[in-house]
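Down below is the structure, laid out as structure tokens.
The values are calculated or read from the model by the stated rules, or taken from the named source; none is laboratory data. This is a predicted model, so every value here is computed, not measured. Note that each Cβ is placed from the backbone with ideal geometry, even for glycine, and that neighbours are counted across all protein chains shown. Each accessible area value is taken on the protein alone, full model and side chains, heavy atoms only, with ligands, DNA and RNA left out. Shrake-Rupley method; radii C 1.70, N 1.55, O 1.52, S 1.80 Å.
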Amino acid sequence: PSARGLAPVPDVGVPVAVTLGEPLRTVAVRCDDSPNWYGGVAIHNDKFSGPSCGGNSNWQYNCTGGFGVTLQSQRYLLTAGHCGAIGDTFLSGAGNVIGRATHEHVAHDLMLVRADTGGRIWDGTPGVNDFTKGVAGWGWTAGGQSLCFSGTTSGAKCGYTVDGTIVSGCGTDLYGNHECYNDLISAWKDGTAGRPGDSGGPVFSLAGDRVQAMGTTTAYATNNQGREWVVFQDFGTATRDWSGLDIITG
């Protein structure tokens, strides 16, 4: 048998099966990703400047992409609504066009960017030890569940416990517009949680060597006893906001 764009498979005397998968990738950092765009990718709204990405002053970002999803046979990158507005163009940290925002649910802090996405997310510390994991599926969160998140500022961090609290809060988007969000969920850990630039990144549980999509990062909170919270929107809420939305697996 042969695969498109490849030489015929040689006869090696045993049965051979060819499986077509995602294209080989020539880059290996979340700040300089390429199609199919992975969750956790550094994203830069082209209307705004941002800090350097992964220690490279030639790259910049404002937020983090969430999971790759499908809706009505189209592919999108899920991220936080406060990272921009419908019609905004999002770039990779290195300046390559990812896509344009086409859907937003302000009250749930969710946005869809039309993009050629894939079924993996970035893990590791940006610019230090970037690597990826496949996405196995998605699920609803529950109190006591242990979760991780992956952001362009903080990298991947685990050990956050869902406290079962439904959170509402107000803030500003990149344009400075005052917005209020509801139906969010919080998960806590003693130590450092998310930081600016992690917004929109994937929240997930571990599923063997892959991950299960659980949500999209909105904010973080702290107290004076050293405890911090990651505040996120449940992935299941996105499936309710946009009927037919589903996760891309890989």
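Starting from residues that are within 19 Å of Gly118 (Cβ to Cβ) and over 11 Å from the mean Cα position of the chain (by Cα), keep the ones in the stretch 209-234 and report whichever is most open to solvent (accessible area, probe 1.4 Å).
Top of the filtered list is Asp209.
So which residues in the stretch 72-99 are touching a strand residue (DSSP E or B) at 6+ places or on another chain (Cβ under 9 Å), loosely packed, with under 15 Cβ neighbours inside 10 Å and farther than 24 Å from Arg195 by Cβ?
Within the stretch 72-99, Gln74, Ile86, Gly87, Val97 meet the criteria.
Mind listing just one residue for me: the one in the stretch 75-107 that is part of a strand (DSSP E or B) and in contact with a Pro (Cβ under 9 Å, 6 or more places away or on another chain) and, of those, nearest to Trp59 (Cα to Cα)?
Ile98
Only one residue in Gly197, Gly191, Gly171 is of a type outside the set (Asp, Glu), out of contact with any Cys (no Cβ under 7 Å at 6 or more places or on another chain), more than 13 Å from Val230 (Cβ to Cβ) and open to solvent by less than 60 Å² (accessible area, probe 1.4 Å), so which one is that?
Checking each option against the conditions leaves just Gly171.
Can you pull out the residues in the stretch 118-139 that are open to solvent by 60 Å² or more (accessible area, probe 1.4 Å) and at pLDDT 95 or above?
Passing the criteria: Arg120, Trp138.
Is there any pair linking a residue in the stretch 171-191 that is small (Gly, Ala, Ser) to one that is open to solvent by less than 20 Å² (accessible area, probe 1.4 Å), with Cβ under 6 Å and at least six apart or on different chains, and which?
Sorted first by the residue in the stretch 171-191, then by its partner, the pairs are Ser186/Val231; Ala187/Leu147; Ala187/Tyr160; Ala187/Val162; Ala187/Val230.
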